[in-house]
Amino acid sequence: MNLPLVKITLLASLMTLSAATLAADKGLLAIITPSHDNPFFKAEADGAQEKAKALGYTTLVASHDDDVNKQNQLIETAIARKAKAIILDNAGADATVGPVQKAKDAGIPTFLIDREINKTGVAVAQIVSNNYQGAQLGAEKFAKLLNGKGTYVELLGKESDTNAGVRSQGYHDVLDDYPDMKMVAQQSANWSQTEAFSRMETILQRNPNIVGVISGNDTMALGAEAALKAAGKTNVIVVGFDGSDYTRDSIINKGNIKATVLQPGWAQAQMAVEQADYYLKNGKAQKEEKQLMDCVLIDDSNAAKLKNFNLAK
């Protein structure tokens with residue numbers, strides 16, 4: 001006897017639901033990053049969550065807001081909930097070692113993205129952008145845009161963040177070779193757009209004739225650009241670092257921001273999830289712990305291909 005159409009449809013739906021439930025029965029992945037107010041960290045979280053769900057994991061997505069205590073509480077939560085693995089963009093190179101070790105002792109492997117910690121053998125993987133290489137790309141473009149001369153400002157990231165120092169070093173290993181370029185101010189804006197706006201307002205009062213601003217990330221570059229526009233300084237050139245869609249739009253629309261450096265946050269996060277999945281299946285790391293991903297210069301030649309921290313082929 002043929003089943004009525006309604007029953008066939010219901011049976012098919014139950015089978016589909018059952019398959020989906022089975023596919024999502026591989027356990028919990030905790031995805032912990034800095035604040036999602038920063039589009040780079042939001043892209044990391046989204047990229048990791050997308051890949052985790054595709055591979056059949058449920059996810060716990062949270063932000064530590066660069067607060068070490070909050071990060072430690074989130075890692076404790078992941079341990080309590082018996083997460084299979086942790087994907088982490090950490091809140092401090094030194095302060096994170098202990099919590100990651102605690103997760104390891106609880107049988108939960110950690111896969112770090114974007115920021116390293118100051119110890120090896122604790123996390124399974126540390127997948128980071130080649131910040132030094134990327135900074136050199138940005139500095140070379142900055143020098144070219146300024147024709148190798150003039151006074152400029154550098155906005156530094158959070159001083160406790162290893163990446164801030166590496167990027168600054170990469171910038172200066174290029175720019176210090178230009179005798180006609182002079183840095184007249186160097187201040188931390190802690191990766192913050194609001195702080196960068198405030199810092200630039202103050203810097204412009206003391207140095208009204210600057211010709212360029214090189215920034216440790218795009219969020220601060222956007223703050224600097226806003227301050228420059230408010231002061232009528234539309235010809236001051238800004239170069240950022242991250243590869244956000246906001247800086248892409250400024251480049252395309254001929255704003256102050258003329259270039260940025262793409263660090264592949266989306267791809268990095270997805271790679272971490274893939275490696276976590278491999279580790280959980282095979283009981284060993286897929287690749288060596290320290291992994292560097294090269295950065296890409298973004299300017300008016302390729303900005304249109306940039307979307308969500310990913311460059312279309």
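Between Asp218, Asp299, Asp277, which is charged (D, E, K, R) and in the same structural domain as Leu145 (by the TED database)?
Result of the check over Asp218, Asp299, Asp277: Asp218.
Have a look at Glu201, Glu116, Glu159, Glu195 and point out the one that is modelled with pLDDT of 95 or more, among the acidic types (Asp, Glu) and closer than 21 Å to His36 by Cα.
Glu195
Taking the condition open to solvent by less than 10 Å² (accessible area, probe 1.4 Å), among the charged types (D, E, K, R) and at pLDDT below 95, does Asp94 pass?
For Asp94, the condition - open to solvent by less than 10 Å² (accessible area, probe 1.4 Å), among the charged types (D, E, K, R) and at pLDDT below 95 - is not met.
So, in region 278-292, of the ones that are in a helix (DSSP H, G or I) and in contact (Cβ under 8 Å) with a residue 60 or more places away in the chain, which residue ends up nearest to Gly27 (Cα to Cα)?
Here the answer is Leu280.
Pick out the one residue from Asn163, Asn147 that is closer than 30 Å to Tyr278 by Cα and outside the structural domain of Lys104 (by the TED database).
Being closer than 30 Å to Tyr278 by Cα and outside the structural domain of Lys104 (by the TED database) holds for just one of Asn163, Asn147, which is Asn163.
Go through region 300-313 residue by residue and tally those that are part of a loop (DSSP other than H, G, I, E, B), hydrophobic (A, V, I, L, M, F, W, C) and open to solvent by 10 Å² or more (accessible area, probe 1.4 Å).
The total comes to 1.
Can you pull out every residue in region 235-274 that is over 18 Å from the mean Cα position of the chain (by Cα) and assigned to a helix (DSSP H, G or I)?
Asp249, Ser250, Ile251, Ile252
Just to be sure before I move on: is Ala259 open to solvent by less than 40 Å² (accessible area, probe 1.4 Å) and over 19 Å from Lys51 (Cβ atoms) in the structure I sent?
yes
Within the set of pairs 6+ apart or on separate chains, which have a first residue in region 235-247 that is open to solvent by less than 10 Å² (accessible area, probe 1.4 Å), a second that is among the small types (Gly, Ala, Ser) and in a loop (DSSP other than H, G, I, E, B), and C-beta atoms under 7 Å apart?
Close Cβ pairs satisfying both conditions: Phe241/Gly216; Thr247/Gly240.
Going by the structure shown, is Leu297 closer than 24 Å to Leu145 by Cα, under 12 Å from the mean Cα position of the chain (by Cα) and either touching a residue at least 24 places away in the same chain (Cβ under 8 Å) or exposed (fewer than 15 other Cβ atoms within 10 Å of the Cβ) (or both)?
Taking the combined requirement at face value, the residue does not satisfy it.
Select from region 200-223 the residues that are within 21 Å of Gly265 (Cβ to Cβ) and touching a helix residue (DSSP H, G or I) at 6+ places or on another chain (Cβ under 7 Å) and list them in ascending order.
Once the filter is applied, which keeps residues that are within 21 Å of Gly265 (Cβ to Cβ) and touching a helix residue (DSSP H, G or I) at 6+ places or on another chain (Cβ under 7 Å), region 200-223 yields Ile214, Ser215, Gly216, Asp218, Thr219, Met220, Ala221, Leu222, Gly223.
Give the residues of region 165-189 that are open to solvent by 60 Å² or more (accessible area, probe 1.4 Å) and in contact (Cβ under 8 Å) with a residue 24 or more places away in the chain, sorted by residue number.
Gln169, Asp173, Tyr178, Asp180, Lys182, Met183, Gln186
Take Ala45 and tell me if it is open to solvent by less than 20 Å² (accessible area, probe 1.4 Å), within 28 Å of Lys284 (Cβ to Cβ), in contact (Cβ under 8 Å) with a residue 60 or more places away in the chain and in the same structural domain as Ile117 (by the TED database).
Yes, satisfied.
Quick test of your reading of the structure: Ser63 fulfils all but one of (1) over 18 Å from Gly92 (Cβ atoms); (2) open to solvent by less than 40 Å² (accessible area, probe 1.4 Å); (3) of a type in the set (Ser, Thr, Tyr). Name the failing condition by number.
Here Ser63 clears every test but (1).
The values are calculated or read from the model by the stated rules, or taken from the named source; none is laboratory data. Note that the structure is a prediction, hence the values are computed from the model and not measured. Cβ atoms come from the backbone with ideal geometry, glycine included; neighbour counts cover every protein chain shown. Each accessible area value is taken on the protein alone, full model and side chains, heavy atoms only, with ligands, DNA and RNA left out. Shrake-Rupley method; radii C 1.70, N 1.55, O 1.52, S 1.80 Å.
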